[in-house]
Each structure stands twice: as C-alpha cells, then as structure tokens.
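The values are calculated or read from the model by the stated rules, or taken from the named source; none is laboratory data. Since the model is a prediction, treat every value here as computed from it, not as a measurement. No Cβ is skipped: glycine too gets one built from the backbone with ideal geometry, and neighbour counts run over all protein chains shown. Note: areas computed on protein heavy atoms with side chains; ligands, DNA, RNA excluded. Shrake-Rupley method; radii C 1.70, N 1.55, O 1.52, S 1.80 Å.
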Amino acid sequence: MAAAAMATLRAHQACSRATAVADELPTTLPPAFLAFLKRNGLDVSIYAAAATLPRYVRVKPQAISEIPEIEEELGLKLSSLTWLPNFFSLPPEAQIASTQAYQQGKLYGMDAASGAAVAALAISPGDHVLDVCAAPGAKLCMMAEFLGDSGSLTAVDISRPRLAACRTMLRKYDLGRRTRLYLGDGTSFSLLPLTGTSKLSPANVCDDQCHNEEPTEVTGNSDRLCKGGFQKDARAEITSLYGEWRSGRTRQEKRAAKRAKYLGIPEQISWDDRAPELFFYGVDSGVVGMKVADVAQTCSDSQNTSLRGYDKVLVDAECTHDGSLKHITKYEQWGWETFERRFLNEDRIASITSLQLRLLSNGFRLLNPGGTLVYSTCSFTKDQNEGVVGRFLATHNNAELQEVELARQWPCSPGGLPHTLRFDPVSSNTSGLFMAKLTKLGCGPSNKSEVGGC
Ligand SMILES: C[S@@+](CC[C@H](N)C(=O)[O-])C[C@H]1O[C@@H](n2cnc3c(N)ncnc32)[C@H](O)[C@@H]1O
C-alpha cells in the first residue's frame, strides 16, 4: 500500500477509535487525577481506550516455532505485530498466567510501546548495557535476549521488593547469565561494567567451608571459592572473591525485610544510603571469581584513564504512570487513594521531574562517547518528557538527539523535540510512552569528568 494511503487509513482508524473511546468515557476517574490531566492539557477521553486496548506478549525467539501449540493452549490466535519482531497482540481479556507456555517461560507480557523503547537502543551482542530503573524487569529481559552470549547487563533499582521481582523474572526466563542487579540509587550509581572475563571456572568452585552469603572482606585463599560466599584461610592475605550466586534471600535481605516489617515501611533503600548492594549476579556476569574491590570499580576511579563505561543505557524513568492505561484503571479495584498518595501527592509531582533529570544525567555520565541512551517514561505530560530532555540538553553540549530509524515503520507520533516519539492508545493502539534517543559526542572540555577515556 502506498505510504499516503497507509497514512490516511491510519488516521481514519485513529479517528474512529477516538470516537469510540469518547462514547465510553469512564466516569470513575478521581477528581485529583482529572485535575492533574487538566493542568497538563491532557484529554481524559484517552482513558476510555483502556478496556479495548489489546494485551501484548513477547514470545522468546526459541519458542517462536511453538506458536501453534501456544495458540491451542490459549484457545485463541496470536496476532503478529508486523512492526516489532516476536511481539503478538491478544484480546484484552486474554489470560496468560495460567498457561504452561507462560509458566515455562516461553513468553512474557509486555506492552508493544515498551518493546519499542528497547528496540530503539539497538543492542548488539558484546555491548555493555546499563538499565538505570530496571524493575520489575520486562525491558531488562528483552535487553538480555538481544545481548545473547557476549557483553554484559547491569541493572539498578531503588526498590527492594521490585528488584526481587526482577530477579525472579530473569531466573524464570533464564536470562540472567550476563546480568548484575544492584539495589541502589540510579541518580548516583557509579559502577562500571566488568569488561574482563571471570578469573575462575566453575570447576574451581568448592562447596565446603562457606561462611557468608554476601561478600565481605575476609581472610581467604584466592585460589578456591565457596558457592555464594567465601572461605577462610588464616594464612592467606586479606582478599575476598565472589563465588557463584546462590538463590534464596541473603542475610542482608532478610534483615532489611524484618526491619521494614517492624517499621511498617516499604523495603526501599533510604535516599541517603547511596552505596549500591549487589542483589544478584549471573554465572557469566563477570562477577564470579572477581575481587570485591574490582567489582566495585566506580566511575570516579576511572577519571583520566582508559576504563570504559557503558555502550547502551536505558533510563526508563520513574514517572506519574498516567500513560500506563491498564495500570491506572486497576486502581478502580485497588482504591484511588493509593494512586493519589503514590503519584498525585503534590510533593511527589514537584520532585519527580528533578528525579528524572538526575537519572538521565547520571545515565549519560556513565555512557561511552559514541554510545546510545534511551530516555523513556510512561507519562503523557510534557514536563516529564520534552521538559526533562530539554533541560538536560541545555546543560550537556556533548549530547545529541538521534533519529530512531526503525520508527519509520512504527505507529507512533512525533514528540515535541526533534526525533522524539510518542505512543498512545489512539494512534498506536498501545499504552502511552515517550522516548528520546541520545548519543554522546566525543570528548570535549565539557565532559572531562565523564567515563570512557575523557
Ligand atoms: C517505570 S518503572 C521501570 C520499569 C522497568 N524499566 C520495566 O521495564 O519493568 C520505574 C522504576 O524506577 C525505580 N526508581 C525510582 N527511583 C529510582 C532511583 N532513584 N534510582 C533507581 N531506580 C529508581 C522504581 O522503583 C521503579 O521500579
């Protein structure tokens, strides 16, 4: 079909969907949310699309040949997305959680717009990738798939329970081999990728004499390791090496859970506690066999050296979630007070753009020159999207917005800055998502303190 005819058809489809959604406008959205939409110039009718929006799943490449069996189990046809490989749409009411295909880790639920944000990063095998706000981890899983058998994936999130969900997901889908998960603050995270190879093969790992579940400085014999911990040898010099990661909650996690339960607070690290905690590492993440000090090599250690940062960075920033339609409508059952407290609280809204800017700036600091960063949110507001990116560009003359070439085939609209993109239920038939793709230009006077040899 000619491009012009295609555009007309798309506009027509969007228009008839818009008419349909306006007819089904929900009346239950709470006043605080309606006021938030009004303040931000957003049209409430978009939320009526929530009920008709398809569900999307990503089928792992290894399971693509099993689509007929998966369809039979689901009792319906998977409709392949022509613009996003391995993504399929399902009717909104489709239930996947009880299927064997889901339980066996052959597919996972993920909105197509979220898949597009990962595709925009153009991850290649061998890349060192950083995910600054990783949990609960659907994008992380997709990034791990793209990475394949080389390179590394480092992921950070500030919420312990969400990070635990992320770890469960990586393990369920067997995608954690090259991944390190950190409980930490993405605005200050400074750890560099591990570019070397593991110093010990699993054959050298011993089972006995294990003392700790987490690495600590101990007197040890660096030739032999314990699974998930370290052994003591009084004769050897002070050293500590990582063994294989062991499942189950670490002592540190159990302590934090107990404390959070006692205080009745969420298990989240405090904003002042900036030291990242290694929460999970895969067998090929480069951690096994490394000294604690080497794994903890930070960006500040690397000034004026040749230590490298990350090739690709995703900053899928915390936001007000107003574009995440299905999520929003769930609050009808969960209670709008929770939504108001979490997302519409005045202090929270005031601080969120500042948080987003700091997450973006820190992700960019850790990016190698020539590398790619994608900033995304699931908010429709200009402040959290074009506003944050505009403020960032005003102070980073080594950053440049880039075209997402794949997007020429995507059902999205242009954002308010060159090359930025917006997905929404009416024109894209997806949840809401904004994305900006940035690259870091070569070293200049303005980026002297950044990684990558500058
Ligand atoms: C939009 S969600 C990320 C979704 C995730 N990328 C995915 O695909 O599943 C935003 C995440 O940012 C995390 N977050 C909030 N503040 C943070 C901070 N200062 N540093 C790191 N993560 C943070 C939240 O805990 C939340 O999990």
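What the table shows:
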item: Filter result for SER379 (in contact (Cβ under 8 Å) with a residue 24 or more places away in the chain and under 24 Å from LEU130 (Cα atoms)); result: yes
item: Residue within region 338-350 that is of a type in the set (A, V, I, L, M), modelled with pLDDT of 95 or more and either in a helix (DSSP H, G or I) or open to solvent by 30 Å² or more (accessible area, probe 1.4 Å) (or both) present; result: no
item: Which listed residue is modelled with pLDDT under 85 and outside any loop (DSSP other than H, G, I, E, B), from SER16, SER45; result: SER16
item: Condition check for LYS312: within 15 Å of the ligand (Cβ to nearest atom), open to solvent by 10 Å² or more (accessible area, probe 1.4 Å) and under 16 Å from the mean Cα position of the chain (by Cα); result: yes
item: Selection from region 363-379 of residues that are within 13 Å of the ligand (Cβ to nearest atom) and open to solvent by 10 Å² or more (accessible area, probe 1.4 Å); result: CYS378
item: Residue within region 89-106 that is assigned to a strand (DSSP E or B), over 23 Å from PRO411 (Cα atoms), at pLDDT 95 or above and open to solvent by 20 Å² or more (accessible area, probe 1.4 Å) present; result: no
item: In region 28-42, residue most open to solvent (accessible area, probe 1.4 Å) [restricted to those that are in a helix (DSSP H, G or I) and within 18 Å of THR338 (Cα to Cα)]; result: PRO31
item: Counted residues, region 133-157 - those being within 22 Å of PRO276 (Cα to Cα) and either part of a helix (DSSP H, G or I) or more than 12 Å from the chain's Cα centre (by Cα) (or both); result: 8
item: Pairs where the first residue, in region 90-105, is touching a residue at least 12 places away in the same chain (Cβ under 8 Å) and more than 14 Å from LYS77 (Cα to Cα) and the second is in a loop (DSSP other than H, G, I, E, B) and of a type outside the set (D, E, K, R), C-beta under 8 Å, 6+ apart; result: GLY105/TYR173
item: In region 133-152, the residues that are away from the ligand (no atom under 13 Å from the Cβ) and open to solvent by 10 Å² or more (accessible area, probe 1.4 Å); result: GLU145, PHE146, GLY148, ASP149, SER150, GLY151
item: Residues within region 315-360 that are over 20 Å from PHE36 (Cα atoms) and either free of Cβ contacts under 8 Å to residues at least 40 places away in the same chain or in contact with a strand residue (DSSP E or B) (Cβ under 9 Å, 6 or more places away or on another chain) (or both), tallied; result: 6
item: Residue satisfying condition, being closer than 16 Å to GLU277 by Cα and either open to solvent by 10 Å² or more (accessible area, probe 1.4 Å) or assigned to a helix (DSSP H, G or I) (or both), within set LEU175, LEU163, LEU170, LEU130; result: LEU163
item: Test: residue in region 87-96 that is touching a helix residue (DSSP H, G or I) at 6+ places or on another chain (Cβ under 6 Å) and over 21 Å from ALA317 (Cβ atoms); result: yes
item: ALA50, sole failed condition from (1) surrounded by 20 or more Cβ atoms within 10 Å (Cβ to Cβ); (2) not in a helix (DSSP H, G or I); result: (2)
item: Yes/no for ARG408 being surrounded by fewer than 17 Cβ atoms within 10 Å (Cβ to Cβ) and either away from the ligand (no atom under 12 Å from the Cβ) or without any contact (Cβ under 8 Å) to a residue 12 or more places away in the chain (or both); result: yes
